[in-house]
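Beneath this line is the structure, given in structure tokens, with notes to follow.
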Amino acid sequence: MSGVLITFEGIDGCGKTSVAAEVLSRLEKAGKEVVLTQEPTKTWLGDAVKKGISEEHPALTEAFLFMADRTTHSKTISNWLEEEKLVLCDRYADSTICYQAASLVIEGFEGDPFEWLKRISDAFALRPTLTLLLDLEPHDALERIETREEMTKFERLDFLEKVRENFLRLADVEDRIEVIDASASFETVVEESERRILETVA
Ligand code: TYD
């Protein structure tokens with residue numbers, strides 16, 4: 001048997017980082033061999049991504065930065081999967097499809113950048129067994145994060161509306177994506193996420 005990759009996705013402020021951390025701790029207590037990882041990664045490639053998005057670059061440059069970080073990260077994840085670990089990943093390829101498609105549309109990229117990015121991702125990224133999409137109205141998401149000291153350029157209402165639309169569009173065509181109502185209490189979202197993960201790994 002090989003390991004299982006489960007990803008957490010959603011717009012900024014949906015709570016996935018805190019939910020993933022709590023789910024990790026519960027699964028560890030239940031005796032599972034779990035790894036929690038994230039993108040952008042905590043490597044120099046992830047640092048390059050963060051530097052890139054803090055500056056002004058074309059959306060395509062950003063897309064390739066995220067994908068470069070992911071290419072190396074995917075090797076690391078594959079090694080964990082070979083060790084039969086349960087790998088939880090806070091953001092993965094779906095984030096690039098949904099965020100960078102939104103940026104590319106704004107820049108007037110020809111054609112449908114969503115489809116284009118999806119094709120590239122399908123060609124090189126790993127296919128998670130399960131993706132938990134923590135869905136929240138952008139207005140509510142921004143209310144949760146507006147007190148943070150550092151806000152990224154992606155944390156704007158009109159932009160997050162487009163990203164959310166893209167996530168829901170992806171969920172329509174990908175059976176592996178399960179939508180969770182992230183407006184529920186933290187406890188409920190954690191329990192719902194844990195339940196779906198346990199059903200998947202059972
Ligand atoms: P992240 O550090 O996950 O932020 P947060 O913890 O607030 O979710 O990601 C930084 C920003 O980069 C965030 O606004 C989402 C965005 N992002 C993309 O646009 N594309 C991607 O492929 C990824 C992984 C993140």
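Pairs of Cα atoms in the range 150-202 fall into 10 Å distance bins, from 0 up to the last occupied one, in shares of 20, 35, 37, 7 percent.
Amide hydrogen proximity for THR7: with H placed 1.01 Å from N in the peptide plane, the residues at 5 or more positions away or on another chain lying under 5 Å are CYS89, LEU130, THR131, LEU132. Of the GluC sites (Glu not before Pro) in the range 36-84, the ones in a loop by DSSP (not H, G, I, E or B) with at most 14 other beta carbons within 10 Å are GLU55, GLU56, GLU83, GLU84.
Each of the peptides 24-31, 99-106 was scored by the mean count of other Cβ atoms within 10 Å over its residues; in descending order, highest first, they stand as 99-106, 24-31. Taking the charge dipole of the chain about its Cα centre, with +1 at Lys and Arg Cβ atoms and -1 at Asp and Glu Cβ atoms, the residue from GLY108, LEU130, CYS14 reaching farthest to the positive side is LEU130.
Approximating the spin labels as points 7 Å out from Cα along Cα→Cβ, the ALA48-to-GLU199 distance works out to 4.0 nm. The mean sequence distance of close C-alpha pairs (under 8 Å, at least 6 residues apart), as a share of the length of the chain, puts its relative contact order at 33 percent. Per residue, the range 4-201 exposes an accessible area of 49 Å² to a 1.4 Å probe, with every protein chain left in place. For the range 107-130 versus the range 1-74, the inter-centroid distance based on Cα atoms is 17 Å.
Relative to the longest principal axis of the Cα atoms of the chain, the long axis of helix 59-82 lies at roughly 10 degrees.
Heavy-atom accessible surface of LYS32, to the nearest 10 Å², is about 80 Å², with a 1.4 Å probe and all protein chains retained.
Carbon and sulfur atoms: what percent of the 1.4 Å accessible area of the chain do they account for? Reported share for carbon and sulfur atoms: 50 percent.
Whole-percent P(r), the chain, all Cα pairs, 10 Å bins from 0: 9, 36, 39, 15, 1. Simple rule: put +1 on each Lys or Arg Cβ and -1 on each Asp or Glu Cβ in the range 31-115, find the dipole, and look at ALA48, PHE64, ALA93; the Cα lying farthest toward the positive end is ALA48. Say a paramagnetic label sat at a point 7 Å from the Cα of MET151, along Cα to Cβ; which residues of the range 7-31 have their backbone N under 15 Å from it? So the set is 12-14.
With distances taken between every two different alpha-carbon atoms, the range 61-146 has a Kirkwood hydrodynamic radius of 14.6 Å.
Report note on the peptides 48-54, 16-22, 91-97: ranked by the mean count of other C-beta atoms within 10 Å, highest first, their order is 91-97, 16-22, 48-54. Packing, taken as the mean count of other beta carbons within 10 Å per residue, orders the peptides 65-74, 187-196, 127-136, 140-149 from highest to lowest as 127-136, 65-74, 187-196, 140-149.
Remark: the range 114-130, residue by residue, has Karplus-estimated 3J(HN,Hα) of 4, 5, 4, 5, 5, 5, 5, 4, 4, 7, 10, 7, 6, 9, x, 6, 9 Hz, where x stands for each Gly or Pro and the curve is 6.51 cos²θ - 1.76 cosθ + 1.60 at θ = phi - 60°.
The values are calculated or read from the model by the stated rules, or taken from the named source; none is laboratory data. Since this is a predicted model, take the numbers as computed values, not measurements. Using ideal geometry, Cβ is built from the backbone for each residue, glycine included, and neighbour counts are taken over all protein chains shown. Heads up: the accessible areas ignore ligands, DNA and RNA and are worked out on the full protein's heavy atoms, side chains in. Shrake-Rupley method; radii C 1.70, N 1.55, O 1.52, S 1.80 Å.
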